[in-house]
Ligand SMILES: Cc1ncc(COP(=O)(O)O)c(C=O)c1O
């Protein structure tokens with residue numbers, strides 16, 4: 001096969017679109033008896049599989065309560081509400097919008113703080129510098145499954161009497177100092193949507209050692225109704241159906257193996273792509289394990305010979321799906337821009353990582369041939385960097401250069 005990149009007329013390395021993610025799911029036969037049972041009994045919600053799933057999750061995470069909800073977004077909303085977050089809440093902007101939106105739903109004021117350039121997680125030193133008299137909480141994210149600076153953030157929260165919440169949407173499969181993330185701060189909130197390592201179809205988990213918060217989330221997922229058809233506060237319908245709990249139970253059994261397999265895939269990417277100039281990766285603390293919910297590169301134009309956007313276009317021509325996650329970062333979204341004009345250049349690391357990072361396809365059962373194919377695609381694009389740049393410029397609208405997204 002010619003080694004000319006597809007964007008220069010070569011044959012694409014993948015004949016069909018390689019998706020950004022494929023969930024690793026159980027065979028239908030392994031969950032068929034339980035699915036048959038709920039269909040036969042009509043117990044489709046609030047049943048025994050939800051209770052079982054919550055018990056197993058609490059056990060796995062080493063927390064007192066694991067409360068399942070219909071999504072991480074609503075888990076965060078009920079958590080923020082239960083903790084009474086009225087005031088300033090320090091939060092990263094280099095995250096998915098669902099970390100921040102629920103703050104507005106509960107009337108809190110997000111204060112965006114920059115990330116660390118190595119870990120791409122919120123920077124504890126900048127968190128401390130942003131604390132004011134109005135600060136009431138810190139929200140940190142285990143970005144792409146890389147555990148946040150848990151101990152440092154806990155120390156700051158203790159010192160200033162602040163609430164601490166972890167958006168652990170990417171956290172199943174992540175280990176902080178050898179233990180599953182999930183038991184720190186006031187709560188850690190996970191997502192179980194299909195792009196995650198633990199998949200329940202859709203769903204979320206609020207993990208907490210606080211009885212009052214667990215109780216708030218349990219009542220809050222039932223409209224705020226404590227059981228007497230009154231309501232203690234304005235809640236939501238945020239229940240997890242039985243089918244999702246059945247799928248989640250099976251997925252939990254597969255989690256450790258899937259996290260290990262995904263780490264092997266990530267190691268192979270790091271080893272092979274790390275040989276190319278101008279590519280860097282998220283730094284993971286040596287005692288931690290990243291879930292690699294996503295595998296991302298940081299492209300240095302001077303070293304690599306192409307910008308992130310040029311590489312992205314050339315990879316798409318190879319039929320490799322890519323994502324520019326968190327570009328634009330949340331503070332630049334339409335929903336926030338008008339509220340926070342003063343953030344326009346206050347988050348230089350966030351802006352830089354958002355502009356230069358690129359996520360490649362990754363999934364737990366990805367085989368070696370696909371890993372090699374993706375690496376080969378990046379390599380041959382790099383080998384023809386000058387011609388690729390010219391080709392990208394020719395197909396971009398005159399004078400506008402490559403598109404950001
Ligand atoms: C960091 C982060 N927080 C929250 C969410 C929202 O999760 P869900 O789709 O389960 O509501 C996501 C979704 O992927 C996410 O990436």
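By DSSP, what percent of the beta bridges with both residues in the chain are antiparallel, rounded to the nearest 5?
60
How far, in degrees from 0 to 90, does helix 72-82 lean away from the longest principal axis of the Cα atoms of the chain, to the nearest 10?
40
Output the direction-averaged projected area (hull surface divided by four) of the convex hull of the alpha-carbon atoms of the stretch 227-279, in nm².
For the stretch 227-279, averaging the hull's shadow over all directions gives 7.7 nm².
If you line up the long axis of helix 242-273 against the longest principal axis of the chain, both from Cα atoms, how many degrees apart are they, to the nearest 10?
That works out to roughly 30 degrees.
At residue 316 and residue 158, where each label point lies 7 Å from the Cα along Cα→Cβ, what is the point-to-point distance in nanometres?
Modelled inter-label distance: 4.8 nm.
Quick check: residue separation of residue 283 and residue 133 times 0.36 nm, minus the Cα distance between them. What number comes out in nm?
50.7 nm is the gain from fully extending residue 283 to residue 133.
Between residue 55 and residue 376, what is the FRET efficiency for a Förster distance of 56 Å, r being their Cβ-Cβ separation, to the nearest 0.05?
0.75
If you look at just the Cα atoms of the stretch 28-252, how large are its Rg and its Dmax in Å?
Both quantities, over Cα of the stretch 28-252: 17.3, 58 Å.
What is the percent of Cα-Cα separations in the stretch 48-94 that go past 14 Å?
64
Size of the chain along its principal axes in angstrom, Cα-based, largest extent first?
69, 56, 39
What number, in percent, do you get for the relative contact order of the chain if the mean sequence gap of Cα pairs under 8 Å and at least 6 apart is divided by its residue count?
Rounded, it is 22 percent for the chain.
Please work out how much length the chain gains when fully extended from residue 352 to residue 46, using 0.36 nm per residue of separation minus the C-alpha to C-alpha distance, in nm with one decimal.
Net length gain for the segment: 105.6 nm.
What number, in nm² with one decimal, is the all-direction average of the projected area of the convex hull of the alpha-carbon atoms of the stretch 1-75?
So the Cα hull casts an average projection of 9.8 nm².
Sort out for me the Cα centre separation of the stretch 149-175 from the stretch 177-241, rounded to whole Å.
17
What's the FRET efficiency of residue 271 with residue 3 using the Cβ-Cβ distance as r and R₀ = 25 Å, to the nearest 0.05?
Result of the calculation: an efficiency of 0.75.
If I build a Gaussian network model for the chain, linking alpha-carbon pairs within less than 10 angstrom, which residue out of 337, 163, 56 has the largest mean-square fluctuation?
337
What's the extension gain from residue 257 to residue 117 if we count 0.36 nm per residue and subtract their Cα-Cα distance?
Stretched out fully, the residue 257 to residue 117 stretch lengthens by 47.4 nm.
Based on alpha-carbon positions alone, could you give the equivalent ellipsoid semi-axes of the stretch 255-395 from the gyration tensor, as √(5λ), descending, whole Å?
Each semi-axis is the square root of five times an eigenvalue, giving 26, 22, 13 Å.
Taking the radius of gyration and the Kirkwood hydrodynamic radius from Cα positions alone, what is the Rg/Rh ratio for the stretch 76-188, to two decimal places?
Using only Cα positions, Rg/Rh for the stretch 76-188 is 0.92.
Suppose R0 equals 35 Å. What FRET efficiency, 1/(1 + (r/R0)^6) with r the Cβ-Cβ distance, do residue 393 and residue 368 give to the nearest 0.05?
Once the sixth-power term is evaluated, E becomes 0.50.
Output the 0 to 90 degree angle, nearest 10, between the alpha-carbon long axis of helix 368-383 and the longest principal axis computed from the alpha carbons of the chain.
That helix lies at roughly 50 degrees to the long axis.
Taken together, the values in this text are just the output of simple stated rules run on the coordinates, not laboratory data. Note that the coordinates shown come from a computational prediction; the quantities given were computed from them, not determined experimentally. Cβ sites come from the backbone with ideal geometry, for glycine too, and all protein chains shown count toward neighbours.
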